[in-house]
Structure formats: C-alpha cells, structure tokens
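The values are calculated or read from the model by the stated rules, or taken from the named source; none is laboratory data. Because the structure is a prediction, the values reported are computed rather than measured. Note that we place each Cβ from the backbone using ideal geometry, even for glycine, and neighbour counts take in every protein chain shown. To get the accessible areas, we keep the full protein, side chains included, count just its heavy atoms, and leave off ligands, DNA and RNA. Shrake-Rupley method; radii C 1.70, N 1.55, O 1.52, S 1.80 Å.
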Amino acid sequence: MMKNEMISELQKIIDKSRRIVFFGGAGVSTASGIPDFRSAGGLYAQSFGDLTPEMMLSKSFFYLHPREFFDFYRKYMVYPDAQPNAAHRFLYELEKRDRLRGIVTQNIDGLHKKAGNRRVYEIHGSVHENYCLDCNVRYPLAKIMEPDGIPRCDQCGGVIKPSVVLYGEPLDPYVCIGAKREISNADTLIVAGTSLSVEPAASFLEFFGGRHLIVINLEPTPADNSAALVLRGEAAEILGSLSADPAE
Ligand code: NAD
Ligand code: ZN
C-alpha cells in the first residue's frame, strides 16, 4: 500500500471505532521541538562524559547528586515553551467528540493536557507536577526552573522533586490501573512515536484485546508484527492529516 492508501485505511478504522485509545511516546512530541531519546538526533546519541542519561535520570543519582541531576534535568528534560502539535490537536478533537477513551503517554512534557485532553494517563509523570520531599507541598514547573541549583521548598526548605518517574522508581499504581483498564476496553489502539523499549510501559500493550492495533512510528517496533496496520512516518504529520468526524 502507498502512504496515502495507508492513511485512508487508518481513517476508515478510526471512523468505525467507538472506543479508541492512544498509546504514545517521545516521537509524538518531536514535532513540538522536544528530542526523543533513541533516534540518531536523540538524547542518547549525545555524550555526557562517563555518565549516560539513564544514570543521570536514575533515582540514586537524584538522591546522591541532586545538583548535577537538576543541571541535567533543566537543560535536557524540560521544554517550557513547547506547544502541542498536530498530533496532540487531532487527539483533542477526537476526545471532544467522545470518540477517544483515553491517552496513555510515556511523555512527561504535559502537551496532551495542554492541548485540552482530560483523559490522560501520564504513566511516567509530568514536569509540571513537583512536590516537596519533606512536607509534600506542590510546586509548578517555574519553581524547578529557578536557576539556583537544588530547588527548595518555601515552607520548610526541603528538596523539591519532579513527579517524573526516574529509572529505578516504580510507576504510580493508580495511574497504571487506569491506563490498563482503558487499553483493555479499547476497540482500537493507536501506538505512536515509541520504541517500546521501556518497561513496564511497553508491556501495557498486552492488555489490548480489541480489533485494530495501529502502529505509527519512524522505525520498526516490536508491536509491528501484531498490528493490523503499520504506518512508517511522522506521527504529527499522519495524525494531523486525519479527520475526527466520521465520514457520512
Ligand atoms: P524513544 O526515544 O525510546 O523512542 C522514540 C521512538 O519514536 C523511536 O522509535 C523513533 O523512531 C520514533 N520517532 C521519533 N520521532 C518520530 C516522529 N516524528 N514520528 C513518529 N515516530 C517518531 O522514546 P519512548 O519510547 O517514548 O521512551 C523513552 C522514554 O523517554 C519515555 O519513558 C519518556 O518518558 C521519555 N521521554 C519523554 C519525552 C517527552 O516527554 N516528550 C522526550 C524524550 C524522552
Ligand atoms: Zn516542604
């Protein structure tokens, strides 16, 4: 099939689906100017001396070297000016028409919520939610971005931690239950912009028992074999070319 035929095939599936769920990763936000991890231009292709991004984004690095953690985090993980792109906007239109049951995202950028979606499961947390490790007071992203090393609580002086899930940390069980429930109730699951190499996130796909598994990604993924349709291309371009209104 040619690309246009694939897109009209995808449109047909979306038109007849009643319970669509979207499962996304970093490739959904690259069109918003946020690099992914594993592409050639991604974060993992850069050199950070002896340290890897996985090490610097680990729980132990956060507690042992908070100053270095926040230097790295502010510079490479947070994009305060990023705006939703055509992929986020299409999913908002679908949810507005009550045709999208939920978005399960590995992204921490908050762009689905910024686009207006409400049924969003941010399974790796969000840069927009931060809290004091000592007294639990919540802080906005702006507090983390203050350029003075380790962000500290105004109330008690405790260290403020982003709610993002670091390597070595468990996922929030409530968010996971909700995300798995949505996936298991879906008739169509659209998987986009993810290498499916981060666990346990990737294993969430096992909960899907619906008819149509769609994969949209620049590179092959482990889910391609079980997919009804695989589109090799830009997530924002493909999703942005779809209509949220079913054809008459
Ligand atoms: P990944 O970097 O492992 O994989 C990204 C995948 O998306 C690759 O397979 C790549 O080929 C594909 N891709 C890149 N650009 C694309 C595009 N425009 N259209 C379609 N496909 C595209 O990312 P991942 O699977 O999400 O896992 C990495 C982890 O990194 C996640 O846990 C996430 O929390 C974190 N992360 C988040 C962000 C963000 O919040 N925007 C950005 C980078 C990494
Ligand atoms: Zn505090």
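Do you know which residues across segment 117-145 are part of a loop (DSSP other than H, G, I, E, B), exposed (fewer than 14 other Cβ atoms within 10 Å of the Cβ) and charged (D, E, K, R)? Explain how you work it out, then say what you get.
From segment 117-145, those part of a loop (DSSP other than H, G, I, E, B) are 117-119, 123-129, 133-137, 140; that's our starting set.
Next, only the ones that are exposed (fewer than 14 other Cβ atoms within 10 Å of the Cβ) stay: 118, 133, 135-136, 140.
The one that is part of a loop (DSSP other than H, G, I, E, B), exposed (fewer than 14 other Cβ atoms within 10 Å of the Cβ) and charged (D, E, K, R): Arg118.
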Exercise. Scanning segment 220-234 for residues that are open to solvent by less than 90 Å² (accessible area, probe 1.4 Å) and in a loop (DSSP other than H, G, I, E, B), which turns out farthest from ligand 2 (Cβ to nearest atom)?
Worked result: Ala228
Problem set entry | Residue, modelled with the lowest pLDDT, within segment 200-217, restricted to residues that are outside any helix (DSSP H, G or I) and surrounded by fewer than 17 Cβ atoms within 10 Å (Cβ to Cβ) | Pro200
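A quick yes/no check of all residues on (1) among the β-branched types (Val, Ile, Thr); (2) part of a loop (DSSP other than H, G, I, E, B); (3) at pLDDT below 95:
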residue: Gln11; (1), (2), (3): no, no, no
residue: Phe23; (1), (2), (3): no, no, no
residue: Gly27; (1), (2), (3): no, no, no
residue: Pro35; (1), (2), (3): no, yes, yes
residue: Phe62; (1), (2), (3): no, no, no
residue: Phe70; (1), (2), (3): no, no, no
residue: Pro84; (1), (2), (3): no, yes, no
residue: Glu93; (1), (2), (3): no, no, no
Exercise. Which condition does Ser163 not pass, out of (1) touching an Asp or Glu at 6+ places or on another chain (Cβ under 7 Å); (2) open to solvent by less than 70 Å² (accessible area, probe 1.4 Å); (3) more than 16 Å from ligand 2 (Cβ to nearest atom), if it passes all the others?
Worked result: (3)
Seminar exercise, completed: Log entry, pairs with first residue in segment 46-66 being among the polar types (S, T, N, Q), second being open to solvent by less than 20 Å² (accessible area, probe 1.4 Å), beta carbons closer than 7 Å, six or more apart or on different chains, reads Ser58/Leu166
Exercise. Considering segment 1-51 alone, what residues qualify as being in contact with a Pro (Cβ under 9 Å, 6 or more places away or on another chain) and among the basic types (Lys, Arg)?
Worked result: Lys16
For this session: All but one of (1) more than 24 Å from Ala228 (Cβ to Cβ); (2) buried (at least 17 other Cβ atoms within 10 Å of the Cβ); (3) of a type in the set (A, V, I, L, M, F, W, C) hold for Phe48, so report the exception by its number.
Result: (2)
For this session: Output the residue which, of all residues in segment 225-248 that are touching an Asp or Glu at 6+ places or on another chain (Cβ under 6 Å) and among the small types (Gly, Ala, Ser), is modelled with the lowest pLDDT.
Result: Ala247
